[in-house]
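Trainee: Take this structure first; my questions come after.
Nothing in this text is a laboratory measurement; each read-out follows from the coordinates by a stated rule. Since this is a predicted model, take the numbers as computed values, not measurements. Counting neighbours? That spans all protein chains shown, and the Cβs are built from the backbone with ideal geometry, glycine included.
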Amino acid sequence: VSASMDMSREAESSFAEELLNWTSPADTVAVMTFSNSTVLQVPFSTDRSAASSFLNSLKVPPRHIKHAPLRKTALLGGLDQAVSLLSPPGLGDVIFLISDGGENASKESRAKVQRRLVSSGARLFSVIPLYSAELRASVVRNVDLDWLPALGDATGGDAFQINLDSWDFLSIKWSGKH
């Protein structure tokens, strides 16, 4: 987990558990995490208990992040591996991404990942924590949030923000492009 995500781990884990509750019992789900590399934490299964247990394990007390070392985040690499995990693609495949949009370690380009994602037929739904301006300035630098909604649009998905103070789930229209 990148340093920029430490303060919201509990909220994001809880939201991911809500996503599990929204799925049909017949749906298969998997859980992947990424920082400088991608790890399949819970393989595809209809059994929600392993996914729920893993998500609960992420609910650790947040660390103070002002002095946290800069870590690497391979967001594009994580998306690329998620597409590979869906091979062969199936009707209705969906990737839910919970991320602040930070990317500073992938070898893959946005264009390559977008081509793979669109050609797979999977829809991307991005959930981005809404930080206070002060927090965003201290932990998330050089983040271009427009590309995740654009990628969601290209795949038939969408992008949302979670207000971590009020727990409001917001559909945001970035840059007037949506």
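Trainee: Take peptides 111-117, 101-107 and line them up by average Cβ neighbours within 10 Å, highest first, as a rough protection proxy. Working shown, then result.
Mentor: On the way: 111-117: 16.1, 101-107: 18.0.
Answer by packing, highest mean first, reads 101-107, 111-117.
Trainee: OK, next. Mind checking the full-extension length gain between Ser14 and Leu85? Use 0.36 nm per residue of separation minus the Cα-Cα distance, one decimal, nm. Walk me through the intermediate numbers first.
Mentor: Working: separation 71, 0.36 × 71 = 25.56 nm, distance 2.36 nm.
Separation in residues times 0.36 nm, less the Cα-Cα distance, equals 23.2 nm.
Trainee: Please give the contour-minus-distance gain from Lys112 to Thr33: 0.36 nm per residue of separation, less the Cα-Cα distance, rounded to one decimal in nm.
Mentor: That works out to 26.4 nm of additional length.
Trainee: Need one number: nm distance between label points at Ser53 and Ser24, each 7 Å from Cα along Cα→Cβ, rounded to one decimal.
Mentor: Spacing of the two 7 Å Cα→Cβ label points: 2.7 nm.
Trainee: Something else about it: Using 0.36 nm times the number of residues separating Gln41 and Ala154, minus their current alpha carbon distance, what extension gain do you get? Mind showing how you got there, number by number?
Mentor: Numbers: separation 113, 0.36 × 113 = 40.68 nm, distance 2.73 nm.
Full extension from Gln41 to Ala154 adds 37.9 nm.
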